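Asker: Dropping a structure here in structure tokens format, bear with me for questions.
The values are calculated or read from the model by the stated rules, or taken from the named source; none is laboratory data. What you see is a predicted model; the values in this text were computed from it and never measured. All Cβ positions, glycine included, derive from the backbone under ideal geometry; neighbour counts span all protein chains shown.
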Amino acid sequence: MKKISFIIIAILLVASMFAQTSDKFTTAMQSKIALMDSAKDVNALKDVSAAFERIGDAEKTQWLPYYYAALSQVNAGNQIMSASGVNFSNISDKTDPYADKAELLLDKAEALSKDNSEIFVVKKMLATLRLMGDPMNRYMTYGPEGAQALEKAKKLNPENPRPYVLEGMDKFYTPEQYGGSKEDAKKLFEEALKKYGSFKPESNIHPSWGKSLVEGFMAQMK
């Protein structure tokens, strides 16, 4: 009886320690996600990316920190791109360092979570960032690469709204002579909103972003 009691106590202690570790990880992730969501400039995004990466290195088995670290790098690169204005010049020397870092981080995330729709969403964003760094010379390479990542994200999780957000943005920003369409963009955004209505993240630290972005685009098209 004493032996059985000891085993039960040991199991409870291990379970308690695991729960505390899990709570600590979740709390750390929540605070960094909040920082990422509120980041207003490139430096803030770089800092939060580094913080996510440190969490990932410490945890070793969690894909989410590397995912968010990569997403933060892509968003930082997008800010650099936006600051350069809408043009077709080569700014890859400014944007590629963020794309390179994001790719390394995504590789770490994917090593921990194969065939993950959310990771392929960021792969699509990464391909777009590389393309826009030098559109004239990179369209034939990164256009198809981004499209493949988008289709893979849809296939892996047909209920994920984020692939439709990105596809809608592509249609919104691409000139009509190159396949863009505000009407098609609106349909894709509507599909995304429909999916947001039923989409449930696995936890409060799993990806849930994009709805407010879609609502902003929809407001422009009223």
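Asker: Which number in (1) aromatic (Phe, Trp, Tyr); (2) surrounded by fewer than 17 Cβ atoms within 10 Å (Cβ to Cβ); (3) under 14 Å from the mean Cα position of the chain (by Cα) marks the one condition that residue 139 misses?
Answerer: Result: residue 139 passes all but (3).
Asker: Oh, and also: For residue 62, work out the one condition from (1) touching a residue at least 40 places away in the same chain (Cβ under 8 Å); (2) buried (at least 18 other Cβ atoms within 10 Å of the Cβ) it doesn't fulfil.
Answerer: Result: residue 62 passes all but (2).
Asker: OK, next. Being of a type in the set (Gly, Ala, Ser), out of contact with any Ser or Thr (no Cβ under 6 Å at 6 or more places or on another chain) and crowded, with 22+ Cβ neighbours inside 10 Å is the requirement here; does residue 168 meet it?
Answerer: Values: of a type in the set (Gly, Ala, Ser): yes; out of contact with any Ser or Thr (no Cβ under 6 Å at 6 or more places or on another chain): yes; crowded, with 22+ Cβ neighbours inside 10 Å: yes.
Yes, satisfied.
For every residue, the table says whether it meets (1) at pLDDT below 95; (2) buried (at least 24 other Cβ atoms within 10 Å of the Cβ); (3) under 21 Å from residue 209 (Cα atoms).
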| site | (1), (2), (3) |
| --- | --- |
| 101 | no, no, no |
| 104 | no, no, no |
| 135 | yes, no, no |
| 155 | no, no, yes |
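Asker: Here is a check on your reading of the model: is residue 90 assigned by TED's automatic domain parsing to the domain that holds residue 39, among the polar types (S, T, N, Q) and part of a helix (DSSP H, G or I)?
Answerer: On the way: assigned by TED's automatic domain parsing to the domain that holds residue 39: yes; among the polar types (S, T, N, Q): yes; part of a helix (DSSP H, G or I): no.
When the stated conditions are applied, residue 90 does not pass them.
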